[in-house]
Structure formats: structure tokens, C-alpha cells
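Here's the structure, in C-alpha cells; my notes come after.
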Amino acid sequence: MSNTNGSTFVYVTFIRTTPEELWTALTTTEFIKQYWFGMHIDTDWAAGSPWKLLFEDGEVADAGVVVEYDRPKRLVLDWRNEWKPELKAEGFARCTIELEQVDEAVKLSLVHSTEFPESQLIQAVSGGWPRILSNLKSLLETGDVLMKKK
């Protein structure tokens, strides 16, 4: 979704798990590799710390700063694409993930936004996040990912 004030992508899903298990899945390198097509995040998760999303070969895909880390409720990252010049040129976006227990499931709400109108980055993440989060949901609920790495 975009408007004159910027661009925003919103995704909400419900996962049959606990907030702690989902938080661990979102922030543990070995778990991330399973549902994020072999990629992993390098950070210490402290507010103000840098983070990097790395391809299997170690090339940096995305990077930024951990803005907020409130286990197991809220994670906020400043986010910039590092491997596509046209996306990197847009500068930093913000990714906010919130977890909320709802009956036997956890509601995962993700908002990825930027002040850049008609953002190519937001267009790109709007295709990536549904695949990543569908894999995460499937992995937590069934023990296997929905989509394998190509």
C-alpha cells in the first residue's frame, strides 16, 4: 500500500504456538535459516545494536539497527536493503513485529514502512514477507516449511 506520505506493507497471521516459541523462532539464527531460505540474522538483539541479514555465502542482503527489543512482545528494526542499489538508495525503512496471545494461537502483526512514496523496497518485501511468514507458520505448526529453497 502506498500514499503521498510513504509506503506501508502490513501482514497479520495467527500461529498455533506460544509467544516465547514464536519469539525464539524469530530471533535464533539456526531456526531462522530453516524458514528464511537459508538466510540468517547476525546481531546481539540489544536496542541500538546493528543487525545484518546474510545470504548463505555471507553476503549482506539487508542491515540496520535494532530499535526496540521487548521479548516476547515487540521487535522494531530500522531496515535498509544492501544488495540492490535501487532499493538501498531509498534509505531506511522500519519493520515492526508485534506478538499477542489470542486463545490457543499467537497473533503476529508485521508492519514494514518507509517515508519514501511508491517504495520499491516495500513492493519487494510485500512479496517476500508472506513467503517467509508462511514458512514460519508451517514450520512451527507442522515441523516442516511450506516452501523449500530454490
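None of the figures in this text is laboratory data; all of them are computed from the coordinates on show. Predicted, not measured: the structure shown is a model, and the values here were computed from it. Methodologically, a virtual Cβ is constructed for each residue, glycine included, from the backbone with ideal geometry; neighbour enumeration extends over all protein chains shown.
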- [ ] Before rounding to the nearest 500, sum -39500 (n - 2.57) across all DSSP H runs of length at least 4 in the chain and divide by the residue total; then give [θ] at 222 nm in deg cm²/dmol.
- [x] -8500 deg cm²/dmol
- [ ] Could you work out the relative contact order of the chain, using alpha carbon pairs under 8 angstrom and six or more residues apart, expressed as a whole percent?
- [x] 29
Task: Net charge of neighbours whose Cβ lies under 14 Å from the Cβ of residue 8, counting Lys and Arg as +1 and Asp and Glu as -1 - done: -2
Open item on the list: Could you compute the net charge surrounding residue 88? Neighbours are other residues with a C-beta less than 15 Å from the C-beta of residue 88; K and R count +1, D and E count -1.
Closed with: -3
Task: Which of 49, 138, 7 has the fewest Cβ neighbours within 10 Å, and the rest in rising order - done: 49, 138, 7
- [ ] Round to the nearest 0.05 the FRET efficiency obtained for residue 149 and residue 96 when R0 = 35 Å and r is the Cβ-Cβ distance.
- [x] 0.85
- [ ] Report the calculated FRET efficiency for residue 83 and residue 104 (r = Cβ-Cβ distance, R0 = 35 Å), to the nearest 0.05.
- [x] 0.35
Task: Extended-chain gain in nm, criterion 0.36 nm per residue less alpha-carbon gap, residue 70 and residue 134 - done: 20.7 nm
TODO: Find, to one decimal place in angstroms, the Kirkwood hydrodynamic radius of the stretch 4-133, where the mean of 1/r is taken over every pair of different Cα atoms and then inverted.
DONE: 15.0
